[in-house]
Each structure stands twice: as C-alpha cells, then as structure tokens.
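Each remark here refers to the structure printed beneath this line.
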Amino acid sequence: MTELSARLLGSINEVEPRAWDALNSSGNPFVSHAFLSACEDSGSIGPGTGWQAAPIVIESGAADGEGGVLLGAMPAYLKGHSQGEYVFDHSWADAYERAGGRYYPKLQIAAPFTPATGPRLLVADDALAPALLAAAEQLCEQNGLSSAHATFIEPGQLPLFEDNGWMLRSDIQFHWQNRDYAEFDAFLADLASRKRKDLRKERARAQAEVDIRHLTGDDISQADWDAFWIFYQDTGARKWGTPYLTREAFTLLGERMGEDLLLIMAYRDGEPVAGALNVIGKDALYGRYWGCTQQIPFLHFELCYYQAIDAAIERGLSRVEAGAQGGHKLARGYAPVETWSAHWIADPGFREAVADFLARERKGVAADRNFLDRRTPFRKGDQAAPG
C-alpha cells in the first residue's frame, strides 16, 4: 500500500498550479489556484487581515519533509475573526469565550470572501477524504484551536463530512434556474402576469438612464478596474466596514482568470457610474460584487440580477448564484436553495451544545424554505424547480 502523508503549507503557492487544479475536477473557479493565489498575492489574505493561508495537502511518496505526488488538498485558513465567511458563528464565539475558552484562531475551510457552493475537499478519490479531515482535526488539537469549519460545501461532499463526525448546518440562498430559456422574455413568460409587468418596468426604468456593457478577458482595462474599485469600496465600506479585496486583487484576477470574469458596467454620459462583477463557471454564473457612484432607480436589480440572467441564457449556463442573503431576489425569479456547511468542535461539551443548536436551527430553516417556496413569482402550478 502506498504510504500517505499530510502536510500543512503556508501558502497556496507552495503547490504547482497544474497539480492543484488537477484535483479540482468540477472546475469550480473559487477553489482554482488562480483565484486562491490572487487572494494571497494581492495582500487580501495575509498579515493584518485575520486570514492566514494554511492549505492542507495529502501526498504519496513524500519523504524527509519533501513533497510527493499530490492526491488531496484543502483550501484552509487560520482565522482571527469571523468576517468574510457568510456563515455566522459569532454567537458561538461569544458563548465559548464567556465560558472561559479562546475561540480564535479557528480553522476555516473555504473559498475566501465567497458565499458560493463548491468542493471543499479536493481529492483524486473520495477514499482520501477521511485523511484530509483527520489532518484538519489534528491541526486543531495540536495547536489548541477551538474548531474547524467548512462552508458552502457542494451537496455531493456532505456525506464525506458527516461520515467523519462533522456537524452539518444549512441556510438559504436565492438562485435563478435556467429552464432552457432561449431569451429573457421566455423566462418572463413563466412569471405571474403582475410580476412579469413589474420586471419589465424595472428594466425599462434602469436602462433609460444608462448604457450597459459586458466586458470579459482582455476587454477589461485597468481603467475599468479603477472605476470598479471605487464602486466596490463604497459597497464594502457600508456592508463590512473595510473591503475584503485590495485593488491589486482585481488586477491579478484579471490577469490570471480574466476569461472567467464578466464585468457588467453602466455608463451615464460616457462616464462609468456602476458595475457588477460576475465569475463564469462551467454551469453557473456567480454574482460577486456590485457598487455605484450614482443612485439610479432599479439599476442594482438590472446589473446584478437581470443582466446576469441575460448572460447565463446567452452562455447556456444552468443557473445564476447571486450571493448571500437578499429576500428581494425572490420577487425577481431567484428561488430559495439550501446551502450547507460542516463544523468540528474540539471541546466535547461545547460540541454537544452546538449540535443541539443546529438541530433546532434546521427546523427553522426548513420552515423558512417552505414559506419562501410558496412565494416565488412564477405562475401557479409552474414553480421553479428547487436547487
């Protein structure tokens, strides 16, 4: 039997990009070497951010501390806070510290700053999953970390976590599902008459004020990124206090995965006034960031939701994931979909308390999902298929 070894690295750049991406069989853009390295190399992750890169890898044939053949990997970070995760555990941290414990740092297995579902265990074979999870648990135990958290896990990997004793947690996002629509009007035809009219009015109002352009790859200039950076800072300052990504991050993302980026810009009198950044996956369009310098009625909905639907239909993508939260998305054809995270708690007593909390929370999430499912804007008897 081939001997396996687990290693904790200090940077994604310690792994050869092609070797890392070979394990990302789904092609998910947010666990690609390009995205993760851009976060590190731009200073968005690193000293002073509360995010310390700590990828864990499983290798065969490694000896004397040298790397062997890469068989498994986990995008992981030592976190000094709970920001940029979109799965909220602040109440857990407060309870743990009131009881005399130290909740931070913790281990976060995630795509940084990105509430998009994807693989969190990158493995050549699912049989290697227990070794990766055991390595994460051992890292916590040996270094006195309170817990490990894997967020926005693709449903197919949930059993890998659950079978190894990690506790599952669910939440709700809003996704638009493409039912083989040939154009936006075909999607509108599935909506109730009043909702259809509302969406048309919103689009007409927004489009009357601006010119809209779709930019990708080499079409995105540094001037475009400069303009978008201003938009992004405004939104970030209002939502999070401090924007997560540095200006350099957008340049690096453009250089390393520009063909996977869709920047939708709005211009008034030739000047950029708003923008929405999307990431193009194999079967989904992921809405990521939005911002503006002028408040124009319905422009947020136009750039972030309706233009994203246009782009997904044009590319034949199966869905649009418009990010975390936002019940206002429901009225615009984005249906409720469950998202999942998994959690490992070192302290047995605290683990039991969290398990009890999660059992009660799941009932509430299920009730919310049922409530929202009945309130989509689709015609009666023609509800959007669940995600």
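The values are calculated or read from the model by the stated rules, or taken from the named source; none is laboratory data. The structure displayed is predicted, hence computed values, not measured ones. A quick note on method: Cβ atoms are made from the backbone with ideal geometry, for glycine too, and the neighbour counts reach across all protein chains shown. Surface areas here come from the heavy atoms of the whole protein model, side chains and all, with no ligands, DNA or RNA. Shrake-Rupley method; radii C 1.70, N 1.55, O 1.52, S 1.80 Å.
Assorted remarks:
- Normalised by the number of residues in the chain, the average gap of Cα pairs under 8 Å and 6 or more apart makes the relative contact order 20 percent.
- Scanning the chain for long hydrophobic helices, with DSSP H runs required to stretch 18 angstrom or more by C-alpha along their axis and to average at least -0.5 on the Kyte-Doolittle scale, returns 129-143, 348-373.
- The distance separating the Cα centre of the range 156-172 from that of the range 245-269 comes to 33 Å.
- Estimated purely from DSSP H runs of n ≥ 4, each contributing -39500 (n - 2.57), the mean residue ellipticity at 222 nm for the chain is -10500 deg cm²/dmol once divided by its residues.
- Relative contact order (%) - criterion: Cα under 8 Å, at least six apart; region: the range 243-387: 16
- One quarter of the convex hull surface built on the alpha carbon atoms of the range 145-251 amounts to 12.3 nm², the projected area averaged over directions.
- Couplings 3J(HN,Hα) for the range 320-326, derived from phi with the Karplus relation 6.51 cos²θ - 1.76 cosθ + 1.60 (θ = phi - 60°), are 10, 9, 9, x, 7, 6, x Hz, where x marks Gly and Pro.
- Carbon + sulfur, % of accessible area of the chain - ligands and nucleic acids excluded, 1.4 Å: 48
- Inter-probe distance in nm under a simple model that places probes 7 Å from Cα toward Cβ, at residue 233 and residue 138: 4.6
- Largest-first principal axis extents of the Cα set of the range 170-308 (Å): 45, 35, 33
- Normalised by 2.2 N^0.38 Å, where N is the number of residues, the C-alpha radius of gyration of the range 270-387 stands at 1.35.
- Rounded D (µm²/s) - the chain, Kirkwood Rh over Cα pairs, Stokes-Einstein at 10 °C, 1.306 mPa s: 72
- Between residue 44 and 246, the built amide H atoms are under 5 Å apart, and every one of these is 5 or more places off in sequence or on another chain.
- Stokes-Einstein diffusion coefficient of the range 40-116, Kirkwood radius over Cα pairs, 37 °C, 0.692 mPa s, in µm²/s: 229
- Normalised per residue, the accessible area of the range 318-372 is 43 Å², obtained with a 1.4 Å probe and no contribution from ligands, DNA or RNA.
- Each part gets one Cα centre, and for the range 314-387 versus the range 193-209 those centres are 27 Å apart.
- With K and R counted +1 and D and E -1, the other residues having a Cβ less than 15 Å from that of residue 41 yield a net charge of -2.
- Checking the Cα-Cα distances for 329/380; 195/282; 79/282; 201/380 against a 26 Å cut-off, the pairs over it are 195/282; 79/282.
- Using a Förster distance of 56 Å, the FRET efficiency for residue 372-residue 4 (Cβ separation, nearest 0.05): 0.80
- Local charge for residue 104 was computed over the other residues whose Cβ lies under 11 Å away, with Lys and Arg +1 and Asp and Glu -1, and equals +1.
- Average accessible area per residue (Å²) across the range 87-154 - probe 1.4 Å, nucleic acids and ligands excluded: 36
- Accessible area in square angstrom per residue, the range 186-232, 1.4 angstrom probe: 54
- P(r) tail fraction, the range 324-367 - alpha-carbon pairs more than 18 Å apart, %: 47
- For the range 1-109: relative contact order, % (alpha-carbon pairs under 8 angstrom, 6 or more apart): 25
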